[in-house]
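Notes for the one structure printed next.
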Amino acid sequence: MNAPGTFPQAGDDWQARIAALSPAAAARLAARARSAPLFAHAYAFHLNFRFGAMAPADLLAHAAKHGLTGVQIHVEDGEGASLAAMTGAELAAFGAEAHRLGLAVHVETSSTEPEDLARTAAIAHATGAAAMRCYPRYEGRVSEIIARTVQALRGLSALDPEGRLQFTLEQHEDLTSAELVGIVQAVGNPRLGLLFDFGNMVNAGETPLAALAAQAGWVREVHVKDCLVVPDRGGWAHRACLSGEGHLPMRALLVGLLLLGEDMPQIRAFGLEEEEDYFAHALRFPDEGPDPHIPARSASFTDPGPGDLAARLRRETEAAERQVRIVRAMLDEIATEAARKART
(Lines give C-alpha, C1' and ligand atoms only; values in the text may rest on other atoms or scores of the structure.)
Protein backbone atom coordinates (compact mmCIF):
# COMPACT_ATOMS: atom_id res chain seq x y z
CA MET A 1 0.00 0.00 0.00
CA ASN A 2 1.37 3.40 -0.98
CA ALA A 3 0.89 6.62 0.97
CA PRO A 4 -2.22 8.62 0.09
CA GLY A 5 0.05 11.45 -1.04
CA THR A 6 0.84 9.47 -4.18
CA PHE A 7 -2.59 10.38 -5.61
CA PRO A 8 -3.06 11.20 -8.48
CA GLN A 9 -1.16 8.06 -9.38
CA ALA A 10 1.97 7.99 -11.44
CA GLY A 11 1.04 6.54 -14.81
CA ASP A 12 -2.40 8.15 -15.00
CA ASP A 13 -1.45 10.17 -18.10
CA TRP A 14 -4.53 9.43 -20.20
CA GLN A 15 -3.16 11.36 -23.16
CA ALA A 16 -0.04 9.19 -23.24
CA ARG A 17 -2.27 6.10 -23.14
CA ILE A 18 -4.16 7.36 -26.19
CA ALA A 19 -0.94 8.34 -27.99
CA ALA A 20 0.27 4.73 -27.66
CA LEU A 21 -2.85 3.30 -29.36
CA SER A 22 -3.00 2.16 -32.95
CA PRO A 23 -5.08 4.42 -35.23
CA ALA A 24 -7.80 1.76 -35.35
CA ALA A 25 -7.94 1.44 -31.57
CA ALA A 26 -7.97 5.22 -31.21
CA ALA A 27 -10.87 5.51 -33.64
CA ARG A 28 -12.76 2.89 -31.64
CA LEU A 29 -12.07 4.80 -28.43
CA ALA A 30 -13.29 8.06 -29.96
CA ALA A 31 -16.54 6.46 -31.07
CA ARG A 32 -17.11 4.88 -27.66
CA ALA A 33 -16.38 8.11 -25.80
CA ARG A 34 -19.01 9.88 -27.90
CA SER A 35 -21.62 7.20 -27.23
CA ALA A 36 -20.80 6.04 -23.69
CA PRO A 37 -23.96 4.76 -21.94
CA LEU A 38 -24.33 7.28 -19.13
CA PHE A 39 -26.85 6.39 -16.41
CA ALA A 40 -28.37 8.55 -13.70
CA HIS A 41 -27.53 7.03 -10.33
CA ALA A 42 -29.93 7.47 -7.44
CA TYR A 43 -27.15 8.01 -4.88
CA ALA A 44 -26.41 11.35 -6.53
CA PHE A 45 -29.77 12.33 -4.97
CA HIS A 46 -29.33 10.33 -1.76
CA LEU A 47 -30.36 13.13 0.60
CA ASN A 48 -33.24 14.22 -1.59
CA PHE A 49 -34.55 10.66 -1.54
CA ARG A 50 -34.16 10.43 2.25
CA PHE A 51 -35.22 13.89 3.39
CA GLY A 52 -36.86 15.53 0.39
CA ALA A 53 -39.79 14.65 -1.77
CA MET A 54 -37.84 12.81 -4.46
CA ALA A 55 -39.30 9.54 -5.73
CA PRO A 56 -38.05 6.98 -8.30
CA ALA A 57 -40.09 8.58 -11.10
CA ASP A 58 -38.14 11.81 -10.55
CA LEU A 59 -34.88 9.99 -11.31
CA LEU A 60 -36.40 8.87 -14.61
CA ALA A 61 -37.31 12.48 -15.37
CA HIS A 62 -33.76 13.63 -14.56
CA ALA A 63 -32.27 10.99 -16.86
CA ALA A 64 -34.64 11.87 -19.69
CA LYS A 65 -33.99 15.60 -19.28
CA HIS A 66 -30.27 15.06 -19.74
CA GLY A 67 -30.46 12.51 -22.53
CA LEU A 68 -29.02 9.69 -20.45
CA THR A 69 -29.26 6.01 -21.32
CA GLY A 70 -30.90 4.77 -18.14
CA VAL A 71 -31.01 4.75 -14.36
CA GLN A 72 -29.27 2.77 -11.66
CA ILE A 73 -31.52 2.79 -8.60
CA HIS A 74 -31.36 1.05 -5.23
CA VAL A 75 -34.60 -0.73 -4.40
CA GLU A 76 -34.85 1.23 -1.13
CA ASP A 77 -34.13 4.72 -2.53
CA GLY A 78 -37.05 6.90 -1.57
CA GLU A 79 -37.90 4.84 1.52
CA GLY A 80 -41.72 4.93 1.69
CA ALA A 81 -41.85 5.83 -2.00
CA SER A 82 -39.13 3.33 -3.02
CA LEU A 83 -39.38 0.44 -5.44
CA ALA A 84 -39.32 -1.91 -2.44
CA ALA A 85 -42.43 -0.20 -1.05
CA MET A 86 -44.39 -0.27 -4.32
CA THR A 87 -47.23 -2.60 -5.24
CA GLY A 88 -46.94 -4.80 -8.29
CA ALA A 89 -49.04 -2.33 -10.28
CA GLU A 90 -46.84 0.57 -9.21
CA LEU A 91 -43.68 -1.31 -10.20
CA ALA A 92 -45.18 -2.08 -13.60
CA ALA A 93 -46.08 1.60 -14.02
CA PHE A 94 -42.51 2.63 -13.16
CA GLY A 95 -41.19 0.20 -15.74
CA ALA A 96 -43.70 1.42 -18.32
CA GLU A 97 -42.63 5.02 -17.76
CA ALA A 98 -38.97 4.07 -18.16
CA HIS A 99 -39.84 2.28 -21.39
CA ARG A 100 -41.82 5.28 -22.64
CA LEU A 101 -38.82 7.51 -22.00
CA GLY A 102 -36.45 5.05 -23.68
CA LEU A 103 -34.52 4.43 -20.45
CA ALA A 104 -32.94 1.20 -19.24
CA VAL A 105 -33.44 0.30 -15.59
CA HIS A 106 -30.75 -1.33 -13.47
CA VAL A 107 -31.69 -2.08 -9.85
CA GLU A 108 -29.38 -2.38 -6.86
CA THR A 109 -29.31 -3.86 -3.37
CA SER A 110 -26.72 -3.50 -0.59
CA SER A 111 -26.68 -7.16 0.30
CA THR A 112 -26.02 -10.70 -0.86
CA GLU A 113 -28.38 -12.27 1.68
CA PRO A 114 -30.58 -14.75 -0.24
CA GLU A 115 -33.84 -13.08 0.80
CA ASP A 116 -32.56 -9.66 -0.34
CA LEU A 117 -31.38 -11.07 -3.65
CA ALA A 118 -34.78 -12.72 -4.17
CA ARG A 119 -36.65 -9.51 -3.36
CA THR A 120 -34.46 -7.46 -5.67
CA ALA A 121 -34.74 -9.94 -8.53
CA ALA A 122 -38.52 -9.87 -8.20
CA ILE A 123 -38.50 -6.06 -8.34
CA ALA A 124 -36.19 -6.20 -11.36
CA HIS A 125 -38.61 -8.50 -13.17
CA ALA A 126 -41.63 -6.38 -12.22
CA THR A 127 -40.04 -3.20 -13.57
CA GLY A 128 -38.54 -4.77 -16.69
CA ALA A 129 -35.03 -4.05 -15.43
CA ALA A 130 -32.08 -5.38 -17.41
CA ALA A 131 -29.55 -5.72 -14.60
CA MET A 132 -29.13 -6.12 -10.86
CA ARG A 133 -26.21 -5.13 -8.61
CA CYS A 134 -25.33 -6.46 -5.17
CA TYR A 135 -22.43 -6.54 -2.72
CA PRO A 136 -21.67 -8.48 0.48
CA ARG A 137 -21.96 -6.71 3.82
CA TYR A 138 -21.07 -9.52 6.19
CA GLU A 139 -19.10 -9.26 9.40
CA GLY A 140 -16.34 -11.83 9.79
CA ARG A 141 -13.06 -13.10 8.45
CA VAL A 142 -12.45 -12.41 4.78
CA SER A 143 -12.43 -16.14 4.07
CA GLU A 144 -15.87 -16.44 5.69
CA ILE A 145 -17.23 -13.46 3.74
CA ILE A 146 -16.00 -14.94 0.49
CA ALA A 147 -17.51 -18.35 1.23
CA ARG A 148 -20.89 -16.89 2.21
CA THR A 149 -20.94 -14.64 -0.85
CA VAL A 150 -20.14 -17.47 -3.25
CA GLN A 151 -22.86 -19.63 -1.72
CA ALA A 152 -25.43 -16.82 -1.96
CA LEU A 153 -24.57 -15.84 -5.52
CA ARG A 154 -24.84 -19.40 -6.74
CA GLY A 155 -28.57 -18.94 -6.16
CA LEU A 156 -28.89 -16.16 -8.75
CA SER A 157 -29.67 -18.51 -11.63
CA ALA A 158 -32.69 -19.91 -9.81
CA LEU A 159 -33.97 -16.37 -9.19
CA ASP A 160 -33.88 -15.61 -12.91
CA PRO A 161 -34.51 -18.90 -14.72
CA GLU A 162 -35.41 -17.21 -17.99
CA GLY A 163 -32.09 -15.36 -18.10
CA ARG A 164 -33.60 -11.87 -18.27
CA LEU A 165 -31.07 -10.24 -15.95
CA GLN A 166 -27.38 -9.46 -15.96
CA PHE A 167 -25.83 -9.44 -12.48
CA THR A 168 -22.96 -7.44 -11.05
CA LEU A 169 -20.99 -7.70 -7.82
CA GLU A 170 -19.55 -4.38 -6.68
CA GLN A 171 -16.25 -3.79 -4.96
CA HIS A 172 -17.60 -2.04 -1.90
CA GLU A 173 -14.68 -1.05 0.31
CA ASP A 174 -13.86 -4.36 2.02
CA LEU A 175 -12.73 -6.99 -0.50
CA THR A 176 -9.77 -6.69 -2.86
CA SER A 177 -9.95 -7.01 -6.62
CA ALA A 178 -8.37 -10.47 -6.54
CA GLU A 179 -10.90 -11.64 -3.96
CA LEU A 180 -13.80 -10.33 -6.06
CA VAL A 181 -12.53 -11.98 -9.23
CA GLY A 182 -12.15 -15.20 -7.26
CA ILE A 183 -15.78 -14.99 -6.14
CA VAL A 184 -17.07 -14.51 -9.69
CA GLN A 185 -14.96 -17.38 -10.94
CA ALA A 186 -16.14 -19.65 -8.13
CA VAL A 187 -19.80 -18.85 -8.77
CA GLY A 188 -19.41 -19.72 -12.44
CA ASN A 189 -22.48 -17.83 -13.68
CA PRO A 190 -21.78 -16.35 -17.14
CA ARG A 191 -24.26 -13.54 -16.42
CA LEU A 192 -22.35 -12.42 -13.31
CA GLY A 193 -19.64 -9.77 -13.63
CA LEU A 194 -18.15 -6.96 -11.57
CA LEU A 195 -19.23 -3.37 -11.05
CA PHE A 196 -16.21 -1.08 -10.87
CA ASP A 197 -16.58 1.92 -8.56
CA PHE A 198 -14.03 4.69 -9.13
CA GLY A 199 -13.19 5.04 -5.43
CA ASN A 200 -14.25 2.01 -3.41
CA MET A 201 -10.98 0.13 -3.87
CA VAL A 202 -9.21 2.80 -1.81
CA ASN A 203 -10.65 1.43 1.45
CA ALA A 204 -9.36 -2.03 0.58
CA GLY A 205 -5.82 -0.66 0.16
CA GLU A 206 -5.81 -0.56 -3.63
CA THR A 207 -5.26 2.23 -6.12
CA PRO A 208 -7.79 2.85 -8.91
CA LEU A 209 -5.73 2.01 -11.99
CA ALA A 210 -4.24 -1.11 -10.40
CA ALA A 211 -7.72 -2.24 -9.34
CA LEU A 212 -9.05 -1.68 -12.85
CA ALA A 213 -6.21 -3.71 -14.33
CA ALA A 214 -6.99 -6.58 -11.94
CA GLN A 215 -10.76 -6.47 -12.57
CA ALA A 216 -10.69 -5.58 -16.26
CA GLY A 217 -11.77 -8.90 -17.71
CA TRP A 218 -14.82 -9.04 -15.44
CA VAL A 219 -16.09 -5.45 -15.31
CA ARG A 220 -19.53 -4.89 -16.84
CA GLU A 221 -20.79 -1.70 -15.15
CA VAL A 222 -19.30 1.36 -13.48
CA HIS A 223 -20.03 3.94 -10.78
CA VAL A 224 -18.37 7.23 -11.72
CA LYS A 225 -17.36 9.55 -8.87
CA ASP A 226 -14.38 11.38 -7.39
CA CYS A 227 -13.02 11.44 -3.86
CA LEU A 228 -10.30 12.70 -1.59
CA VAL A 229 -8.03 9.99 -0.22
CA VAL A 230 -7.59 10.35 3.54
CA PRO A 231 -5.04 8.55 5.80
CA ASP A 232 -6.91 6.39 8.30
CA ARG A 233 -5.18 4.27 10.98
CA GLY A 234 -2.48 3.21 8.53
CA GLY A 235 -4.92 2.58 5.70
CA TRP A 236 -6.95 4.75 3.36
CA ALA A 237 -10.39 6.23 3.83
CA HIS A 238 -12.21 8.18 1.16
CA ARG A 239 -14.36 11.27 1.27
CA ALA A 240 -16.41 11.75 -1.86
CA CYS A 241 -16.26 15.18 -3.48
CA LEU A 242 -17.31 16.97 -6.64
CA SER A 243 -16.08 15.21 -9.78
CA GLY A 244 -12.80 16.67 -10.96
CA GLU A 245 -11.86 18.06 -7.54
CA GLY A 246 -10.51 14.91 -5.91
CA HIS A 247 -7.56 12.55 -6.12
CA LEU A 248 -8.89 10.01 -8.60
CA PRO A 249 -7.55 9.77 -12.18
CA MET A 250 -11.00 10.05 -13.71
CA ARG A 251 -9.98 10.53 -17.35
CA ALA A 252 -7.48 7.67 -17.19
CA LEU A 253 -10.14 5.40 -15.69
CA LEU A 254 -12.65 6.38 -18.38
CA VAL A 255 -10.10 5.66 -21.11
CA GLY A 256 -9.27 2.26 -19.63
CA LEU A 257 -12.92 1.32 -19.25
CA LEU A 258 -13.92 2.50 -22.72
CA LEU A 259 -11.15 0.41 -24.26
CA LEU A 260 -12.48 -2.81 -22.71
CA GLY A 261 -14.02 -5.14 -25.29
CA GLU A 262 -12.85 -5.75 -28.82
CA ASP A 263 -15.82 -5.93 -31.18
CA MET A 264 -18.33 -4.53 -28.69
CA PRO A 265 -17.92 -2.25 -25.65
CA GLN A 266 -17.62 -4.32 -22.48
CA ILE A 267 -19.17 -1.66 -20.21
CA ARG A 268 -22.97 -1.52 -20.29
CA ALA A 269 -23.49 1.41 -17.92
CA PHE A 270 -21.50 4.32 -16.54
CA GLY A 271 -23.52 5.39 -13.49
CA LEU A 272 -23.12 9.06 -12.53
CA GLU A 273 -22.86 8.56 -8.78
CA GLU A 274 -21.86 11.94 -7.36
CA GLU A 275 -21.51 11.36 -3.60
CA GLU A 276 -20.33 14.70 -2.21
CA ASP A 277 -19.54 14.41 1.54
CA TYR A 278 -19.96 10.62 1.70
CA PHE A 279 -17.23 9.22 3.97
CA ALA A 280 -16.00 5.64 4.28
CA HIS A 281 -13.32 4.42 6.69
CA ALA A 282 -10.43 2.16 5.75
CA LEU A 283 -11.30 -1.54 5.97
CA ARG A 284 -8.00 -3.16 4.93
CA PHE A 285 -4.53 -2.39 6.23
CA PRO A 286 -0.94 -3.08 5.14
CA ASP A 287 -0.03 -4.88 8.38
CA GLU A 288 -3.09 -7.12 8.54
CA GLY A 289 -2.85 -10.88 8.67
CA PRO A 290 -3.75 -13.25 5.84
CA ASP A 291 -7.40 -13.52 6.88
CA PRO A 292 -8.42 -10.22 8.51
CA HIS A 293 -11.70 -9.52 10.24
CA ILE A 294 -14.16 -7.12 8.60
CA PRO A 295 -16.42 -5.30 11.08
CA ALA A 296 -20.18 -5.00 10.79
CA ARG A 297 -21.32 -1.99 8.78
CA SER A 298 -24.50 -0.43 7.51
CA ALA A 299 -25.46 0.26 3.94
CA SER A 300 -23.99 3.48 2.55
CA PHE A 301 -25.40 6.76 3.80
CA THR A 302 -24.34 10.41 3.80
CA ASP A 303 -24.72 12.65 6.85
CA PRO A 304 -26.51 15.83 5.78
CA GLY A 305 -24.72 17.84 8.46
CA PRO A 306 -26.15 20.34 10.96
CA GLY A 307 -26.87 23.20 8.56
CA ASP A 308 -29.90 24.25 6.53
CA LEU A 309 -31.34 20.99 5.17
CA ALA A 310 -33.20 22.68 2.31
CA ALA A 311 -29.98 24.34 1.18
CA ARG A 312 -28.14 21.02 1.43
CA LEU A 313 -30.75 19.32 -0.74
CA ARG A 314 -30.42 22.05 -3.36
CA ARG A 315 -26.63 21.72 -3.30
CA GLU A 316 -26.92 17.97 -3.85
CA THR A 317 -29.18 18.47 -6.86
CA GLU A 318 -26.82 21.08 -8.29
CA ALA A 319 -23.88 18.71 -7.83
CA ALA A 320 -25.72 15.92 -9.67
CA GLU A 321 -26.55 18.26 -12.54
CA ARG A 322 -22.94 19.45 -12.62
CA GLN A 323 -21.57 15.92 -12.77
CA VAL A 324 -23.46 15.26 -15.99
CA ARG A 325 -21.70 18.24 -17.57
CA ILE A 326 -18.29 17.42 -16.11
CA VAL A 327 -18.25 13.78 -17.20
CA ARG A 328 -19.52 14.66 -20.66
CA ALA A 329 -16.74 17.26 -20.94
CA MET A 330 -14.18 14.61 -19.96
CA LEU A 331 -15.58 12.23 -22.56
CA ASP A 332 -15.42 14.99 -25.17
CA GLU A 333 -11.75 15.57 -24.31
CA ILE A 334 -11.06 11.86 -24.69
CA ALA A 335 -12.95 11.67 -27.98
CA THR A 336 -11.09 14.68 -29.39
CA GLU A 337 -7.68 13.33 -28.38
CA ALA A 338 -8.49 9.86 -29.70
CA ALA A 339 -9.80 11.21 -33.01
CA ARG A 340 -6.59 13.20 -33.42
CA LYS A 341 -4.56 10.03 -32.89
CA ALA A 342 -6.77 8.08 -35.29
CA ARG A 343 -5.90 10.51 -38.09
CA THR A 344 -2.16 9.97 -37.72
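The values are calculated or read from the model by the stated rules, or taken from the named source; none is laboratory data. Being a predicted model, the structure only gives us computed values, none of them experimental. As a convention, Cβ positions derive from the backbone with ideal geometry for all residues, glycine included, and neighbour counts pool all protein chains shown. Surface areas here come from the heavy atoms of the whole protein model, side chains and all, with no ligands, DNA or RNA. Shrake-Rupley method; radii C 1.70, N 1.55, O 1.52, S 1.80 Å.
Computed over the chain, relative contact order equals 23 percent, with contacts defined as Cα pairs under 8 Å that lie 6+ residues apart. Dividing the Cα radius of gyration of region 235-341 by 2.2 N^0.38 Å, with N the residue count, gives 1.37. Membrane-span-like helices in the chain (whole DSSP H runs, Cα extent of at least 30 Å along the helix axis, mean Kyte-Doolittle hydropathy of at least 1.6): none found.
Among 214-223, 286-295, sorting by the average number of other beta carbon atoms lying within 10 angstrom of each residue, highest first, gives 214-223, 286-295.
At a threshold of 8 angstrom on Cα-Cα distance, excluding pairs fewer than six apart, so keeping six or more, what relative contact order does region 234-282 reach in percent?
Values: 40 pairs, mean separation 31.6, N = 49.
In percent, rounded to a whole number, it is 65.
Relative contact order, whole percent, for region 189-299 stands at 30, derived from Cα pairs under 8 Å and 6 or more residues apart.
Using only Cα atoms, figure out Rg for the chain and give it as a multiple of 2.2 N^0.38 Å. Could the numbers behind the result be given before it?
Values: Rg = 19.3 Å, N = 344, 2.2 N^0.38 = 20.2 Å.
Rg over 2.2 N^0.38 Å, computed on Cα atoms: 0.95.
Using a 1.4 Å probe over the heavy atoms of the protein chains, calculate the carbon and sulfur portion of the accessible area of region 73-219 as a whole percent. Of the solvent-accessible surface of region 73-219, carbon and sulfur hold 52 percent. The gain in end-to-end length when the residue 185 to residue 154 segment is fully stretched comes to 10.1 nm, 0.36 nm per residue minus the alpha carbon separation. Of all beta bridges that DSSP places with both ends in region 158-286, some 45 percent have antiparallel geometry. The residues of the chain have, on average, 40 Å² of accessible surface per residue, using a 1.4 Å probe with all protein chains present. Our helix-only sum for the chain, with -39,500 (n - 2.57) per DSSP H run of n ≥ 4 divided by its residues, gives a mean residue ellipticity at 222 nm of -12500 deg cm²/dmol.
Relative to the current alpha-carbon distance between residue 13 and residue 61, full extension at 0.36 nm per residue lengthens the span by 13.7 nm.
For region 167-272, what class follows from the C-alpha gyration tensor (a ≥ b ≥ c being the square roots of its eigenvalues): rounded when a/c is under 1.5, otherwise prolate if a/b is larger than b/c, else oblate?
Details: a/c = 2.21, a/b = 1.33, b/c = 1.66.
The shape class here is oblate.
Full extension of the segment from residue 101 to residue 310, taken as 0.36 nm per residue of separation minus the current Cα-Cα distance, would add 72.3 nm. With r as the distance between the Cβ atoms of residue 90 and residue 287 and R0 = 56 Å, compute the FRET efficiency 1/(1 + (r/R0)^6) and round to 0.05. Using R0 = 56 Å, I get an efficiency of 0.65. Evaluated at q = 0.14, 0.17, 0.21, 0.30 Å⁻¹, the base-10 log of the normalised Debye intensity for region 295-342, with identical point scatterers placed on the Cα atoms, takes the values -0.61, -0.70, -0.80, -1.02. Rounded to the nearest 20 debye, the dipole magnitude of the chain is 1100 debye, with +1 charges on Lys and Arg beta carbons, -1 on Asp and Glu beta carbons, and the Cα centre as origin.
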